[in-house]
1. Got a number for residues in the range 177-190 being of a type outside the set (A, V, I, L, M, F, W, C) and surrounded by fewer than 18 Cβ atoms within 10 Å (Cβ to Cβ)?
2. From (1) touching a Gly at 6+ places or on another chain (Cβ under 6 Å); (2) modelled with pLDDT of 90 or more; (3) under 16 Å from ALA257 (Cβ atoms), pick out the condition that doesn't hold for GLN154.
3. Out of the residues in the range 34-85 that are of a type in the set (Gly, Ala, Ser) and surrounded by fewer than 23 Cβ atoms within 10 Å (Cβ to Cβ), which is farthest from ALA121 (Cα to Cα)?
4. Quick one: is HIS47 farther than 19 Å from THR149 by Cβ and part of a strand (DSSP E or B)?
5. In the range 156-167, how many residues are in contact with a His (Cβ under 7 Å, 6 or more places away or on another chain) and either surrounded by fewer than 12 Cβ atoms within 10 Å (Cβ to Cβ) or closer than 12 Å to VAL82 by Cα (or both)?
6. Is there a residue in the range 42-52 that is of a type in the set (D, E, K, R) and either at pLDDT 95 or above or over 16 Å from the mean Cα position of the chain (by Cα) (or both)?
7. Among what's in the range 140-160 and is closer than 30 Å to VAL170 by Cβ and among the polar types (S, T, N, Q), pick the residue that is nearest to the chain's Cα centre (by Cα).
Amino acid sequence: MPIITLTSDMGLRDHYVGAVKGSILSQFADAHIVDISHQITPFDNMHAAFTLRNAWAEFPVGTIHIIGVNSEADGHTPHLVVRHMGHYFIGADNGIFSLLFDGKPNEAFELTIMSDPGHTAFPIKSVFVKAACHLARGGAPETIGRKVTSTREQLSFRPSVLADAIKGVVIHIDSYGNVVTNITRAHFNELVKAHTFRITFGRTAHDITTISNSYGDVPSGERVAFFGATGFLEIAVNKGVTGGGGGAAQLLGLRVADPVRVELTGMLRNAANG
């Protein structure tokens with residue numbers, strides 16, 4: 001049974017998600033539809049890409065992923081089907097594909113499917129669903145699109161790595177108020193090695209000088225830094241939840257796009273412990 005996932009900023013209050021699902025089932029009744037999220041911040045490519053890039057690889061090869069964020073096309077922003085590592089991704093060429101993968105996508109095809117008359121403002125339903133159902137039936141992307149050699153790029157998740165620091169930013173705040181940065185374990189290990197360091201993101205009193213394994217490595221209410229399942233450096237407060245005592249974002253005053261730095265403090269750990 002082919003799987004079609006949906007990631008969008010349509011929310012759950014209105015009819016849009018239901019209309020998209022109904023259209024999929026009308027065109028391909030055997031589709032198995034999975035919601036990734038419909039609570040993406042409106043028009044926010046970074047939020048959409050972060051959410052989908054941490055979910056798509058968990059699905060079986062052959063899964064089709066519809067991306068319903070910034071989905072309208074124009075003369076400079078065509079609709080694409082991207083094939084990458086055996087998965088299909090359908091969306092607008094607005095920069096989001098450069099955020100979904102660590103490198104360039106394996107293949108990309110500009111869709112030649114026409115919108116239904118009177119439905120050009122709802123391309124998720126009038127274009128993306130048609131493409132997804134074509135692929136779900138075993139159709140080739142070459143049949144519904146022409147191959148392109150590049151996709152639009154957007155500022156990526158990569159931080160700036162200097163000789164003595166990593167300059168990163170907050171890229172996501174989850175529903176618990178945990179703060180996710182764009183600093184990876186690989187970047188951290190390459191810089192820090194055996195040196196002492198500090199993670200700084202505001203007041204010096206909030207600096208963190210230890211990488212923990214999980215929330216429980218510190219007492220309740222204490223700030224903690226660790227590398228989460230996404231592979232990115234996270235800043236959290238143990239047992240801190242937005243609306244229930246405060247999560248890290250609320251307690252530390254952090255928002256998406258705020259700077260976060262890892263700085264060497266000039267000493268080797270073995271020397272400091274000697």
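1. 3
2. Among (1) touching a Gly at 6+ places or on another chain (Cβ under 6 Å); (2) modelled with pLDDT of 90 or more; (3) under 16 Å from ALA257 (Cβ atoms), the lone unmet condition for GLN154 is (2).
3. Restricting to residues being of a type in the set (Gly, Ala, Ser) and surrounded by fewer than 23 Cβ atoms within 10 Å (Cβ to Cβ), the top hit is ALA57.
4. Values: farther than 19 Å from THR149 by Cβ: yes; part of a strand (DSSP E or B): no.
Spelling it out, it is not the case that HIS47 is farther than 19 Å from THR149 by Cβ and part of a strand (DSSP E or B).
5. Total satisfying the criteria: 0.
6. Of all residues in the range 42-52, those of a type in the set (D, E, K, R) come to 44.
Cutting the leftovers down to either at pLDDT 95 or above or over 16 Å from the mean Cα position of the chain (by Cα) (or both) gives us none.
For the range 42-52, residues of a type in the set (D, E, K, R) and either at pLDDT 95 or above or over 16 Å from the mean Cα position of the chain (by Cα) (or both): absent.
7. Within the range 140-160, the match that is nearest to the chain's Cα centre (by Cα) is SER156.
Rundown of residues vs (1) in contact (Cβ under 8 Å) with a residue 60 or more places away in the chain; (2) in the same structural domain as THR120 (by TED's automatic domain parsing); (3) on the phi < 0 side of the Ramachandran plot; (4) out of contact with any Cys (no Cβ under 7 Å at 6 or more places or on another chain), yes/no style:
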{"site": "ASP9", "(1), (2), (3), (4)": "yes, yes, yes, yes"}
{"site": "GLY22", "(1), (2), (3), (4)": "no, yes, yes, yes"}
{"site": "ASP35", "(1), (2), (3), (4)": "no, yes, yes, yes"}
{"site": "ASN45", "(1), (2), (3), (4)": "yes, yes, yes, yes"}
{"site": "GLY62", "(1), (2), (3), (4)": "yes, yes, no, yes"}
{"site": "VAL69", "(1), (2), (3), (4)": "yes, yes, yes, yes"}
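The values are calculated or read from the model by the stated rules, or taken from the named source; none is laboratory data. Being a predicted model, the structure only gives us computed values, none of them experimental. In this analysis, Cβ positions are derived from the backbone assuming ideal geometry, glycine residues included, and neighbour counts consider all displayed protein chains.
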